[in-house]
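What follows is a structure written as C-alpha cells; I'll ask about it next.
The values are calculated or read from the model by the stated rules, or taken from the named source; none is laboratory data. In this text the structure is predicted, and so the values were computed from the model without any measurement. No Cβ is skipped: glycine too gets one built from the backbone with ideal geometry, and neighbour counts run over all protein chains shown. We work out accessible area using only protein heavy atoms, side chains counted, and drop any ligands, DNA or RNA first. Shrake-Rupley method; radii C 1.70, N 1.55, O 1.52, S 1.80 Å.
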Amino acid sequence: MTDPSDIQADFATVFGSRPTFVVRAPGRVNLIGEHTDYNDGFVFPAAIDYDVRIAGRPRDDGVVRLWSALFHRRAQFALGTRRRSRRNGWSNYVRGVGVILASEDYPLRGMDAIVTGTVPLSSGLSSSAALEVASCLAFEAAGEFSIEPKRRALLSQRAEREFVGVQCGIMDQFISALGQANHALMIDTRSLDYQPVPLPSSGVSIVISNTNKQRGLVDSAYNERRAQCEEGVRRLVKALPGIRALRDVTLADLEAHGALLDPVVLRRCRHVVSENERVLESVEALRSGDLGRFGRLMNRSHGSLRDDYEVSCLELDAMVEAARAVDGVYGARMTGAGFGGCTVSLVADEAVGRFKQSVGEEYLRKTGREATFYVCRASAGAERLL
Ligand code: ADP
Ligand code: MG
C-alpha cells in the first residue's frame with residue numbers, strides 16, 4: 001500500500017504535469033480506551049493500512065487548486081481566505097489546515113493537488129483526521145518546511161475544531177501523525193506522552209466490522225456523558241481534594257466515596273475509571289505477548305461501555321457477540337463513540353475468512369443489516385512517499 005505511482009498518474013491526467021510530492025496519512029482504530037480522552041485519560045489506538053493520499057506540485061500565485069478523486073470535483077481557494085466551502089465540504093479540511101498554518105506564520109505556497117484515499121468516510125475510522133494530517137504534510141512539502149509530528153497533530157486538530165467546527169479530542173490526529181508499523185500507541189491524553197507497544201507482526205489481524213448503522217443520538221448522548229463525568233468530579237472532589245479529572249480517581253476511591261454520587265453518575269464514572277485501568281493492563285498484556293489477556297480486556301471494555309456507560313446499541317452488541325462466537329477470536333468490542341459505527345476484533349489470521357462469513361451471516365440474521373469488514377494491520381503514521 002505504499003506505492004505512490006497510481007496517484008502520480010492521476011495527477012498527470014488532471015493537471016497535465018508530474019507531481020513533485022506524494023504524502024499519505026492513515027486512518028485509525030482505537031483498540032481500547034473509549035470515552036477516556038475527555039477525562040484526561042488513556043487511549044490505545046493503532047494507525048491502519050487505509051490512508052488518505054495527496055499528490056501535489058507547488059504554485060507561485062498563492063492559489064490552491066484541488067481535485068477530489070473520490071468525489072470527482074474541483075475546489076479552489078486563495079491562501080489567506082478564511083471562507084468555508086458549502087459545495088465542496090471535503091475541501092474544508094484542507095482549507096482549515098491552511099488557515100491554521102497561516103496563523104502560525106508558516107511559509108505557505110499554493111499548489112495543485114489531487115486528494116484520494118482508502119479510509120472509508122464517516123465510518124469511525126477517522127478519515128477526517130487523516131485528511132487533515134495529509135493536508136498538513138502537503139503544505140509542508142509545497143512550502144519546503146517541516147513540522148515536528150506532535151505539533152503536526154495539534155495543528156491538524158485545531159483545523160478540525162476551529163475551522164471545520166467539530167470539537168474532537170487529540171487522539172485521531174495524534175495516531176495518524178505518530179503511528180508506527182506493527183505497534184499501537186498508548187497515549188496519555190493529559191501529558192501527550194505516548195508509548196509504542198508492539199503488536200504481533202504476523203499471525204493476527206485487526207478486523208474492523210462496520211454495523212452500517214448511522215451513529216444517531218451521538219451528539220446529545222456525548223454531551224450528556226461529558227456532563228455526567230464532570231458532575232462526578234465536582235462531587236468527588238469534596239472527598240478527594242487532589243483530583244482534577246476522572247483520570248485521577250481509582251476504583252477504590254469510587255468504592256469508598258460512591259455514596260456522594262447519583263447512581264447513574266456512579267456507573268458513568270466507574271466505566272471511565274475502570275477503562276483507564278484496562279488500558280494500562282492491556283499495555284502489560286501485549287508487552288508480555290499475552291493476546292488472550294488482551295482479548296479479555298477488550299471484552300470487558302465492551303461490557304462496561306454497554307452496561308455502565310450505556311453507549312452501545314443492538315447492532316454493536318450483535319456484532320460483538322457474533323465475533324466472539326468464532327473460533328480464533330481473542331476479543332471484540334465496540335470502538336468509537338457508540339450508538340452505531342464499528343467494532344474491533346482481534347482475530348487469528350487463519351480465522352479471518354470464517355470470521356467474515358460467520359459474523360456477516362449472524363449479524364444479518366439478527367439485525368437485517370449487511371456488515372462491512374476491513375482487515376487491517378497496524379501501520380506507520382503520516383509520511384512523505386515522494
Ligand atoms: P470520519 O472522520 O469518521 O471518517 P467525518 O465525518 O469526521 O468522518 O469526516 C468525513 C469527511 O472527511 C468526508 O465527508 C469528506 O468530506 C472528508 N474526507 C475524508 N477522506 C477524504 C478523501 N479521501 N477525499 C475527500 N474527502 C475526504
Ligand atoms: Mg472525523
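I need a count of the residues in the stretch 74-133 that are free of Cβ contacts under 8 Å to residues at least 60 places away in the same chain, hydroxyl-bearing (Ser, Thr, Tyr) and within 11 Å of ligand 1 (Cβ to nearest atom).
The number of residues fulfilling the criteria is 4.
Look at Val52 and say whether it is surrounded by 14 or more Cβ atoms within 10 Å (Cβ to Cβ) and within 16 Å of ligand 2 (Cβ to nearest atom).
It is true that Val52 is surrounded by 14 or more Cβ atoms within 10 Å (Cβ to Cβ) and within 16 Å of ligand 2 (Cβ to nearest atom).
Out of the stretch 354-375, which residues are among the aromatic types (Phe, Trp, Tyr) and either more than 19 Å from Leu121 (Cα to Cα) or open to solvent by 40 Å² or more (accessible area, probe 1.4 Å) (or both)?
Phe355, Tyr363, Phe373
Here is a follow-up. Exactly one of (1) open to solvent by less than 10 Å² (accessible area, probe 1.4 Å); (2) within 16 Å of ligand 2 (Cβ to nearest atom); (3) closer than 30 Å to Arg190 by Cβ is unmet by Ala46. Its number?
Ala46 satisfies every listed condition except (2).
Also, I was wondering about something else. Quick check: anything in the stretch 63-81 touching an Asp or Glu at 6+ places or on another chain (Cβ under 7 Å) and not small (Gly, Ala, Ser)?
yes
Every residue, every condition in (1) more than 13 Å from ligand 2 (Cβ to nearest atom); (2) not in a helix (DSSP H, G or I), yes or no:
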position: Leu121; (1), (2): no, yes
position: Arg152; (1), (2): yes, no
position: Leu155; (1), (2): yes, no
position: Glu160; (1), (2): no, no
position: Cys168; (1), (2): no, yes
position: Asp172; (1), (2): no, no
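Follow-up. Name every residue in the stretch 120-143 that is buried (at least 23 other Cβ atoms within 10 Å of the Cβ) and over 12 Å from Phe21 (Cβ atoms), in order of residue number.
Those that are buried (at least 23 other Cβ atoms within 10 Å of the Cβ) and over 12 Å from Phe21 (Cβ atoms): Gly124, Leu125, Ser126, Ser127, Ser128, Ala129, Ala130, Leu131, Glu132, Val133, Ser135, Cys136.
Which pairs turn up if I take residues in the stretch 150-175 that are farther than 18 Å from Tyr106 by Cα and in the same structural domain as Arg226 (by TED's automatic domain parsing) and look for partners that are open to solvent by less than 10 Å² (accessible area, probe 1.4 Å) and at pLDDT 95 or above with beta carbon separation below 9 Å, at least 6 apart in sequence or on another chain?
Close Cβ pairs satisfying both conditions: none exist.
Picking from Ala332, Ala351, Ala322, Ala337, which residue would you name as being buried (at least 17 other Cβ atoms within 10 Å of the Cβ) and within 16 Å of ligand 2 (Cβ to nearest atom)?
Testing whether each residue is buried (at least 17 other Cβ atoms within 10 Å of the Cβ) and within 16 Å of ligand 2 (Cβ to nearest atom) leaves just Ala337.
Restricting attention to the stretch 96-114, which residues are touching a strand residue (DSSP E or B) at 6+ places or on another chain (Cβ under 8 Å) and open to solvent by 10 Å² or more (accessible area, probe 1.4 Å)?
The answer is Arg109, Asp112.
Please find, among Val207, Val233, the residue that is more than 19 Å from Thr36 (Cα to Cα) and either surrounded by 13 or more Cβ atoms within 10 Å (Cβ to Cβ) or in contact with a helix residue (DSSP H, G or I) (Cβ under 6 Å, 6 or more places away or on another chain) (or both).
From the options Val207, Val233, the qualifying one is Val207.
Would you pick out the residues in the stretch 137-150 that are under 18 Å from Arg59 (Cβ atoms) and either outside any helix (DSSP H, G or I) or hydrophobic (A, V, I, L, M, F, W, C) (or both)?
Across the stretch 137-150, the qualifying residues are Leu137, Ala138, Phe139, Ala141, Ala142, Glu144, Phe145.
For the stretch 173-186, state whether one or more residues are farther than 27 Å from Tyr330 by Cα and at pLDDT 95 or above.
yes
Output yes when any residue across the stretch 208-216 is within 30 Å of Thr81 (Cα to Cα) and within 16 Å of ligand 1 (Cβ to nearest atom), and no when none is.
There is no residue in the stretch 208-216 that is within 30 Å of Thr81 (Cα to Cα) and within 16 Å of ligand 1 (Cβ to nearest atom).
Inside the stretch 65-91, can you point out the residues that are within 16 Å of ligand 2 (Cβ to nearest atom) and open to solvent by less than 20 Å² (accessible area, probe 1.4 Å)?
Ser91, the sole residue that qualifies.
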